[in-house]
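Following: one structure in structure tokens, then a few remarks.
No value in this document is a laboratory result; all are computed from the given coordinates. On a predicted model such as this, the values are computed, not experimentally measured, just so you know. Glycine also receives a Cβ, built like all others from the backbone with ideal geometry; neighbour counts cover every protein chain displayed.
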């Protein structure tokens, strides 16, 4: 049996129980399983396990919130993120976040095991199911976002979280007029308008990309 401690958190109880059972049969040491983002964060902060496998869409406390907090504490836990929908999620680069691997919820136990083995050996593993080649426009979007300045990325994250230009000005200590100018510069470059419904849909479809920016800026 592997001596590396692995903890699991997924929003679906059936999924997390099944995965824990499957990994245990393959001689992985699963020390914690839960459907709660808060509980898995508390466990990681207390025990600093070798690996945490997290659902990208944990309720209340997202996988990205957990990674951000753990990164601030400078713990050694490595992270693998499970994305639920191939068509709406983006494969996240290892360099951008403290993420060592990505999986799709439809990946086989064999694939998940290979991912774990690679990560525990000090490598990375990114599911073929989440390949950018299978997501039209993903590469272009990443390039567009990467072209933004740090302050523009911060502004985009705050917009995605529902902050108004006035709120953003206070948080970033900028003049309201400057914030509006920045917004008017950013949105056309991402082929967006200030139409609330348009922005809401775009941010919803690309929320994991936005979280990537947020975590990158905090580390």
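For the reader, a short list of remarks on this structure follows.
- Put the Cα centre of the range 20-48 next to the Cα centre of the range 167-188 and the gap is 41 Å.
- Sorted ascending by nearby beta carbons within 10 Å, beginning with the fewest, 48, 146 become 146, 48.
- Likely footprinting exposure, 181, 35, fewest C-beta neighbours within 10 Å first: 181, 35
- Relative contact order of the range 1-77, taken over Cα pairs closer than 8 Å and 6 or more residues apart, is 35 percent.
- Working from label points 7 Å from Cα in the Cα-to-Cβ sense, the residue 198 to residue 47 distance is 4.9 nm.
- Once both labels are positioned 7 Å from their Cα atoms along Cα-to-Cβ, the gap between residue 180 and residue 124 label points is 4.1 nm.
- Label zone of residue 13 (point 7 Å out along Cα→Cβ, amide N under 14 Å): in the range 36-63 this covers 36.
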